1. Could you say which residue among 65, 98 is at pLDDT 95 or above, in contact with a helix residue (DSSP H, G or I) (Cβ under 8 Å, 6 or more places away or on another chain) and of a type in the set (D, E, K, R)?
2. I want to confirm something. Restricting to segment 20-66 and keeping residues that are aliphatic (A, V, I, L, M) and assigned to a helix (DSSP H, G or I), which single residue is farthest from residue 257 (Cα to Cα)?
3. Within segment 140-163, can you find the residues that are under 30 Å from residue 225 (Cβ atoms) and touching a helix residue (DSSP H, G or I) at 6+ places or on another chain (Cβ under 8 Å)?
4. Given the conditions (1) modelled with pLDDT of 95 or more; (2) surrounded by fewer than 22 Cβ atoms within 10 Å (Cβ to Cβ); (3) not hydroxyl-bearing (Ser, Thr, Tyr), which single one is not true for residue 172?
5. If I filter segment 99-117 down to residues being not in a strand (DSSP E or B) and not aromatic (Phe, Trp, Tyr), which single residue comes out as farthest from residue 189 (Cα to Cα)?
6. In segment 225-252, what count of residues is obtained for those that are more than 16 Å from the chain's Cα centre (by Cα) and part of a loop (DSSP other than H, G, I, E, B)?
7. Any chance segment 128-142 includes a residue that's touching a Ser or Thr at 6+ places or on another chain (Cβ under 8 Å) and not in a helix (DSSP H, G or I)?
8. Among residues belonging to segment 168-209 that are over 18 Å from the mean Cα position of the chain (by Cα) and in a loop (DSSP other than H, G, I, E, B), point out the one that is nearest to residue 255 (Cα to Cα).
Amino acid sequence: MSPRDIADPQAARERPPFLGHGVGLRRDHFDRVLSGPTGVDWFEVISENFMVEGGRPLDVLTRVRERYPVVLHGVSLSIGSTDPLDEAYLDRLHALARRFEPAWVSDHLCWTGVGGRNAHDLLPLPYTEQALDHVVRRVLRVQERLGRPIALENVSSYVAYRRSEMPEWEFLAEVARRSGCGILLDINNIFVSSRNHGFDPRTYLNHIPPATVWQFHLAGHSNKGTHLLDTHDHAVIDEVWGLYRGAVTRFGAVSSLIEWDDRIPPFERLENESQRARAIHDETLERGAGRLPAGVAGSARAAGPETGP
């Protein structure tokens, strides 16, 4: 049976509660976060960093979870790989989710390896009907195993497949529709990919069904001249903030998360970024702007090579 023929009640699920504006929980900031109040509403943690038997990470997460909502965000699900799903990994993720009861669990719409080899990167998929059916089957299996829906994030990309049959935004929206999963919409990744592949990022936003979007990611990137690289080591640039404003216009109150994973600044810098997200979010909803701002990363330069198959 094709996934498109499955009458899945998950497809009718509502968006999870709005958490507000958060940041990633990183080791550099453990002491600061535990020492007293912060200016953020919630924390996202990398799932794999806490799939351990004991030690300080679990102790810290236990204490943080007592005070804040938490979301688990993974990097190793490899939902698009042709390798079998890693059942041992799913067991550990299930146990972690049962222990900490996150608001939701997320990972990436990508593959990270094949043939038992891990590329340690988030690699894009060919956007074909065959790949779509494959991913949907695996998402349904993961959601069944975890006993909860998951959210999948769009990744930044630097290559495209000649055999793709649809744009990324259509593929992502169909995965969500057929599986009942949510979407973690990474605004920076849309901007990076739009510059690398030459599409209008507003088109991407306008083709994602609003009810499917559970969360936004915001981050910085590096301009390499011929392409943009998603490095998470800079502040969010103005054009990405503008695209975020357009996303709030379309999708409404969606929980936002500042990612900053390298050259990590003091925690107060992250708080400031999160407060800027909050201000843009609140101002945009109050104004009720009707469309994406003109000039937000419009036409882009194609910089990413194509690759087979």
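The values are calculated or read from the model by the stated rules, or taken from the named source; none is laboratory data. All figures in this text were calculated on a predicted structure; none of them were measured in a lab. Please note: Cβ atoms are built from the backbone with ideal geometry, for glycine as well, and neighbour counts cover all protein chains shown.
1. Details: 98 fails: in contact with a helix residue (DSSP H, G or I) (Cβ under 8 Å, 6 or more places away or on another chain).
Residue meeting the stated conditions: 65.
2. 58
3. Kept after step one, since they are under 30 Å from residue 225 (Cβ atoms), are these residues of segment 140-163: 153-163.
Those that are under 30 Å from residue 225 (Cβ atoms) and touching a helix residue (DSSP H, G or I) at 6+ places or on another chain (Cβ under 8 Å): 153, 154, 155, 156, 157, 158, 160.
4. Evaluating residue 172 over (1) modelled with pLDDT of 95 or more; (2) surrounded by fewer than 22 Cβ atoms within 10 Å (Cβ to Cβ); (3) not hydroxyl-bearing (Ser, Thr, Tyr) leaves (2) as the failure.
5. Initially, segment 99-117 is screened for residues not in a strand (DSSP E or B), giving 99-104, 109-110, 115-116.
Next, only the ones that are not aromatic (Phe, Trp, Tyr) stay: 99, 101-103, 109-110, 115-116.
Values: 99: 31, 101: 28, 102: 24, 103: 23, 109: 12, 110: 13, 115: 27, 116: 27 Å.
Ranking the qualifying residues of segment 99-117, first place goes to 99.
6. Matching residues across segment 225-252 total 8.
7. The answer is yes, given that some residue of segment 128-142 is touching a Ser or Thr at 6+ places or on another chain (Cβ under 8 Å) and not in a helix (DSSP H, G or I).
8. The first filter runs over segment 168-209 and keeps only residues over 18 Å from the mean Cα position of the chain (by Cα), leaving 178, 195-200, 203.
Add one more test, that the residue is in a loop (DSSP other than H, G, I, E, B), and what stays is 198-200.
On the way: 198: 28, 199: 26, 200: 24 Å.
Looking at residues that are over 18 Å from the mean Cα position of the chain (by Cα) and in a loop (DSSP other than H, G, I, E, B), I get 200.
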